[in-house]
Amino acid sequence: MSLISERFALAQEENRALLIGYLTAGFPTMQRCKSAIAAMIDGGVDLIEVGFPYSDPVMDGPVIQRASELAIENGVGAREVFEVVASSSVPTLVMSYWNPIERYGVTDFTRDLKAAGGCGVITPDLTVEESQEWISASQSLGLDRVYVVAPSTTDSRLANVTARCSGFVYAASLMGVTGARSALSGAAESLVKRVRAVTNTPVCVGLGVSNGQQASEIAKYADGVIVGSAFIKLLAETQDEIEANKSLKSLAEELSRAVRR
Amino acid sequence: MTTELIGHFGKFGGRFVPEALITALDELAKAHREAQQDPSFQLELMELHRTYTGRPSIITEAKRFSEHAGGARIFLKREDLNHTGSHKINNVLGQALLTKRMGKRRIIAETGAGQHGVASATAAALLGLECVVYMGEEDTKRQALNVARMKLLGAEVIPVTTGSRTLKDAINEAMRDWVTNVESTHYLLGTVAGPDPFPTMVRDFHRIIGDESRMQMMELTGRLPDAVLACVGGGSNAIGIFYAFLEDKEVRLIGLEAGGDGLDSGRHAATLVGGSPGVLHGTRTYVLQDENGQTRESHSISAGLDYPGVGPEHAYLYETGRAEYRAVTDKEAMTAFALLSKTEGIIPAIETAHALAGAIEIGKEMGPRANLLINLSGRGDKDVQTAAKYFGIPLE
């Protein structure tokens, strides 16, 4: 059982969903990114997702786009991503578009991520059809492999994709890109139901989740709640490091309370 | 089998997209396959091409230009005479008809120079579809006339202010729109790049260029051409004219990429000659990228070639050696631009001028006995301002 699977099992015993927090590696700076992650963990985030900044993030809305641009300008690459992963004190995954991984070398990437203490990778634009090399490389090192499924994904394809997932399945709450939404659609709950019909792997919901009310709604039917843009927005808005980390921590606390059923 | 490799050209092509788009791509691939087999669809498209596009396009022999190209006979396939002024209309009408066939009412498109945007807006007007065009903010300023054109045709133009604010980012933004509105919307991609089925489908809509040319060359010269030349950005006009000759191994296929300030300068858009294999915009192909896999900015005087990727079928033809690719600098292209204007009375698009520069070089290499077929993919009206500035012709 992977570290991530253990966390889900534990959360189930505690009758709560896991809180998963996302930050773009090296945003706004390497040092502040690491201290922000520590603050999020302090506030109750259970798992961390470190985003590998990419020049063409088609799944991301403006907040993560701008964070990625800035991180790239700061010279963030694979080495920095691993450094941020290594700094995290909870189980941590990398979220990366495929090209940076392929460019680094698939086998090298899994090896170096493992060495940095990483637990898995979320690949938002890698289809299962193109995953042969990825599946064998990740499997041999015991890294969890998380694919993103969407409300438009057909049942037969859900079965096909989730069969290749480990750790958890990332269910996109809506048709669209990342970024806070004021209201969530009903699409998430029915997607989670359809995922559960084809797999026993835990299901987490992300995209558009930004506050405790939304998190508590999702925690009723999903195993995990993923929040990204809301954390990054706070970090982007607050220049002072201590102030920023304080508000990150308090958002994490609010969300962490909300995921308890 | 759902796990078999679909839409590949050797190791290139495929689908690297959010799962949210898979259903739409499957639906599109199916609609395209069925339409290809459906005589009524083909008839409707051919009728549009005959009565609206102005097909078949003619071939003009460039006799005075030939004197500057080693005396080789130069034949120009006149896609510049199509309605809207370039080959782009072939693909746009095909995809717009498919959009209706799929019961969708809205199309979105990306555009660099504005040619594909104008063609998309035109097809939308003709077929009564809603049309939104994404265009990098930089490009909307440089190509204000084309922005006005699209608006006159009833399209909405959205300036893209993210990333490098050029074609690459317009594609990103169009994909984000598509992920969000996929149920009502078709993404009318303008080149042979992107996830499967786009590279195959867009090629199928442009292959008419090569199919016509092959017959026309047989009629005109009694034989196949010795070489077929075309400019390559994404590569749609090139694959369109190459495709009919792929099996004719004796015919050289030569793609001319945008060399910008020269390959050594690093400021170019020659993706095959100066890039490396990677993944961009949903497909595995050659990409201009740095050591972290970040897409590098491309540079070319020609907005239509200014793209850091290339169609995956070109990557395949490049690696297998079936087609050759060379880079042409801005300067060489502009020299050819002026030369064709002055020797033949045809002002080509600056994109197309790259193919003409290639013809000068290849003509000299192959000599007077060679017949060269060039895809004259677009006309240069849109480039008059850029050219005037380049050659120091005052506009006031």
Do you know the Lys pair count in chain A for C-alpha distances under 17 Å, with sequence separation 8 or more or different chains? 6
Order of B:354-367, B:41-54 by packing, highest average Cβ count within 10 Å first? B:354-367, B:41-54
Taking the Cα centre of chain B as the origin, how large is its charge dipole in debye, to the nearest 20, when only Lys and Arg (+1) and Asp and Glu (-1) carry charge on their Cβ atoms? 660
Here the whole-number average of other chain Cβ atoms within 10 Å per Cβ of A:49-59 is 6
Just to check I understand the Karplus step: with θ = phi - 60° and J = 6.51 cos²θ - 1.76 cosθ + 1.60, what whole-Hz values come out for the range A:233-238, glycine and proline as x? 4, 4, 5, 6, 7, 10
Per-residue Cβ contact counts at 10 Å, fewest first, order B:TYR286, A:TYR147 as A:TYR147, B:TYR286
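Set the bar at 27 Å for Cα to Cα. Now go through B:LYS88/B:LYS151; B:LYS249/B:LYS382; B:LYS100/B:LYS141; B:LYS249/B:LYS364; B:LYS77/B:LYS151; B:LYS141/B:LYS342 and name every pair that lies beyond it. Numbers along the way, then the final one.
On the way: B:LYS88/B:LYS151 18 Å; B:LYS249/B:LYS382 36 Å; B:LYS100/B:LYS141 32 Å; B:LYS249/B:LYS364 21 Å; B:LYS77/B:LYS151 30 Å; B:LYS141/B:LYS342 29 Å.
Flagged as over cut-off: B:LYS249/B:LYS382; B:LYS100/B:LYS141; B:LYS77/B:LYS151; B:LYS141/B:LYS342.
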Calculate the length of the line joining the C-alpha centroid of the range A:182-197 to that of the range B:2-79, in whole Å. 39
Quick one: what does P(r) look like for chain B with 10 Å bins over all Cα pairs, in whole %? 5, 25, 36, 25, 8, 1, 0
Whole-Å distance, taken between Cα centres, linking the range A:97-119 and the range B:133-182: 34
Built amide H within the under 5 Å cut-off of B:CYS131, gap 5+: B:ILE107, B:GLU156
What residues qualify as long-range amide H neighbours of B:LEU253, i.e. H under 5 Å apart, gap of 5 or more or another chain, H built at 1.01 Å from N? B:VAL228, B:GLU324
Output wanted: per-residue J couplings in Hz (rounded whole) for the range B:117-124, from phi through Karplus 6.51 cos²θ - 1.76 cosθ + 1.60, θ = phi - 60°, x for Gly and Pro. x, 5, 4, 5, 4, 5, 5, 5
Please work out the Cα center distance from the range B:279-293 to the range B:324-386, rounded to the nearest Å. 28
Mind telling me which of A:GLU133, A:GLU189, A:GLU49 comes out most flexible in a GNM of chain A, alpha-carbon contacts under 10 Å? A:GLU133
Listed with the fewest Cβ neighbours within 10 Å leading, B:ARG296, B:ARG176 appear as B:ARG296, B:ARG176
For chain A, what is the largest minus smallest coordinate of the Cα atoms on each principal axis, given in angstrom and ordered from greatest to least? 48, 41, 32
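Each value in this text was obtained by applying a stated rule to the coordinates, not by laboratory testing. Nothing here was measured: the structure is a model prediction, and the numbers come from that model. Cβ atoms come from the backbone with ideal geometry, glycine included; neighbour counts cover every protein chain shown.
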